[in-house]
Structure formats: C-alpha cells, structure tokens
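These notes concern the structure reproduced below.
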Amino acid sequence: MSNSNYLRTPQGGIKKNLSACICGSILLLAVTAHAQTYPAKPVRFILSYPPGGATDTLGRIVAKSLSDAWNVNVIADNRPGASGNIGTSLCAKSPPDGYTMCMVAPAQTIASRLSANAGYDSLKDFSHVTLVATVPMLLLVHPALPVKNLAELIALAKRRPGALNYASSGGGASPHLAMELLKQQAGIDITLITYKGAGAQMVDHLAGRVEVAFAPAVGVLPFVKEGRLRAIAVSTKDRFPVLPNVPTASESGLKGYDASSWQGIVMPAGVPPEIRRQISDEIAKALKTPTLRERVLDLGGVPVGNTPEQFAAYYAAESEKWFKVAKTANVTVD
C-alpha cells in the first residue's frame, strides 16, 4: 500500500499517519473558513461606462446592496473608454480570487469577436455571476421631428435616406445594435453619430442636434415624462410596465423585433463557483425586496437575479444574436 497517510507497523500491520491526517484536516478547515468568511476585505466592482448611464446607475445600486448585506465595502469603480473595453479588460486580467467583479452589457459579449484589440476574449475570460436586470430601450425622437410613431419614422427615413441622424454611446453598444437591427428589418438608412457616453449623447439629443436614438429606459424616463423627448416604441417583445401606453416595435409593424439591453455581473475566469453562487444568491434576494424591485423598475429596468449557470447560457445566446447583427451591419469597434 503506497498511500502516505498510512504507516506499516513493526508487526506488519498498518496504522494511519496522524501527522498527515492532522494536516489534511487543518487544510480542510482553512478552506471551509475561507468560504464562510467571504468577503473578508473590500470588493472592487468595475463599471466600464461613464457615470449617468444604465451600467453606472444599476451598478451603484448593486454595490450599495452588497455592501449593506456583507458589512464590507463594495467599491464602485468607473473605468470607461473604448466602448466599455478598458474596464472590462481590467476585470478579465484581475486575479480570480473573488475580489474583482464587473458589470457587463451586450456589447461585451461580442467585443473580441469584432476586434482583436478588445483586450479580452468575450467568451473565455469570464466567470458568470448573475443577470441583474433586463433594460428595455426606448426609441426616442426629438419633439421637433414630425413623427408620432414608428411607422411614421420609417416612412420619413425612406423618403429621406441617410438624412436623419441617430445617436449611440459607442460602437457595438446596445443602442447602436438595436438601431442597426431596426434598420435591417425596416429597410431604412439612418446615419450613426457616435458619442463617448450616454450623458454626452443625451445632451445633443435634448438639444435637437440628433433626431433619433435608442436609449436604455434607465436614465431617460424623466425626459420622456417631461415631454423633452418622445418615446415612440419599446425595443422589447413586451411593453414596459412603467410606460404601458408606448407600443413595442413588434406591435408597430416590425413583427418579432426584440432588442432588450441588459446588465449582468461577471468575474475573471477561474473564480470558485461557491463564491459566484454566494454573490448571485445575495443579489437575487435583494432584488426580490419590494423597495429595491420598485426602485429598479422606476429607473427603467426589469429585475432578474438568476443563477450563474442561467446567466452563462443567456450570455452565450446574446453573443450569437448580436454578432450576426453586427456582421450584417459591418459594425467595427476599433
């Protein structure tokens, strides 16, 4: 018998090597203690877009919720740039010790599939945690534009191909891809104007310097309710509960159109599943509380909070869907 946990006695018998057993027990206790005490220090939560957008707004809500639950600081760290790739790359390259996580959106699922300079592999470099919320996008027009619904916008765009401008907060971002999908299905040509962030995009849209944009409902609801922008359609297959009178794009003539944005959490590849499960469970519990659920809905999101396995499958499906749209539209992110 070659097992080093046993010793042969002078009489030819076998007894356990107590030293080896004790060491093994100590190691097991150490691993168990580590799992029970996570997190034992502040957690860095990278937000890869500027303040003011859906990523920042929902990310800070999650960070505050986890901080309160754990009594440990979860530090929201804005690292914008390169359509979200700077912060996301930083997350991917961090140690897989459970102390760095990152908020991601559909753009991150295809970044490396569209560019060799993304700084990470969209499909291989992450451990998935949870889908925080889906974020319906609103198709917005400036009130000066003489259209009241999607059919009228499509008719105007067909009369004036390339003359209308639409705003997007980055190549390959959800609003960009949603509009490209709409253009493909409707057979229209509207010119892209790219901005570095949702805040800068909104300034020009409110001023009427661009006429059209898809924007996540998070952050733009006040402008719609004040009449400073007109919502003519919802991007998702179902109507948005906060704006029940705004029809979906599918209801408005583009049958089957569905372009939900979303916000989810990933960690570097290799983070232990028990840590990811602990975080996803904590977020799911928080999102079920009436206060937090209503807050997310009022901001324009639809709370989810699923398991790491469910989010991994959803992430992969979204990557395939948006990669096809991006390739058809010749989208580049370099």
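For the chain, the longest principal axis of the alpha carbon atoms and the long axis of helix 308-328 meet at an angle near 40°. Run the helix sum for the chain: -39,500 (n - 2.57) per DSSP H stretch of 4+ residues, divided by residue count, reported at 222 nm to the nearest 500 deg cm²/dmol. The per-residue figure over the chain is -13000 deg cm²/dmol.
Could you calculate the contour length gain from residue 144 to residue 291, that is, 0.36 nm times the residue separation minus the distance between their Cα atoms, to one decimal place in nm?
Values: separation 147, 0.36 × 147 = 52.92 nm, distance 3.72 nm.
In short, 49.2 nm is gained.
Exposure proxy ranking for 125, 97, 56, based on other Cβ atoms within 10 angstrom of each Cβ and starting from the fewest, stands as 97, 125, 56. For mean projected area of the Cα convex hull in nm², the candidate list reads (i) 20.3; (ii) 18.9; (iii) 16.5; the entry that matches the value derived from this model is (i).
Ranked by how many other Cβ atoms sit within 10 Å of their own Cβ, fewest first, the residues 228, 159 fall in the order 159, 228. Phi angles across region 188-205 convert, under the Karplus curve 6.51 cos²θ - 1.76 cosθ + 1.60 with θ = phi - 60°, into 3J(HN,Hα) values of 10, 10, 10, 7, 7, 10, 9, 10, 7, x, 5, x, 5, 4, 5, 4, 6, 5 Hz, Gly and Pro given as x.
Under a 5 Å amide H cut-off, with hydrogens placed 1.01 Å from N, residue 104 pairs with 264, 265, 266 among residues at least 5 apart or on other chains. Taking the number of Cβ atoms within 10 Å of each Cβ as an exposure proxy, the fewest-first ranking of 309, 251 is 309, 251. If I model region 137-234 as equal point scatterers sitting on the Cα atoms and use the Debye formula, what is log10 I(q)/I(0) at q = 0.16, 0.18, 0.19, 0.25 Å⁻¹? At q = 0.16, 0.18, 0.19, 0.25 Å⁻¹ the computed log10 ratios are -0.57, -0.74, -0.84, -1.56.
For residue 288, the aspartates and glutamates whose Cα falls under 20 Å of its own Cα, not counting residues fewer than eight places away in the same chain, are 68, 298, 309.
For region 137-234, what proportion of DSSP beta bridges, expressed in % and rounded to the nearest 5, is antiparallel? Mind showing how you got there, number by number?
Numbers: 9 of 15 bridges.
Antiparallel: roughly 60 percent of the beta bridges in region 137-234.
The phi-based Karplus calculation (6.51 cos²θ - 1.76 cosθ + 1.60; θ = phi - 60°) puts the 3J(HN,Hα) values of region 289-298 at 6, x, 5, 6, 4, 5, 5, 5, 4, 5 Hz, whole numbers, x for Gly and Pro.
Laboratory data are not the source of any read-out in this text; all were calculated from the coordinates shown. For clarity, every value in this text was computed on a predicted model and none was experimentally measured. We place every Cβ from the backbone using ideal geometry, glycine too, and count neighbours over all the protein chains shown.
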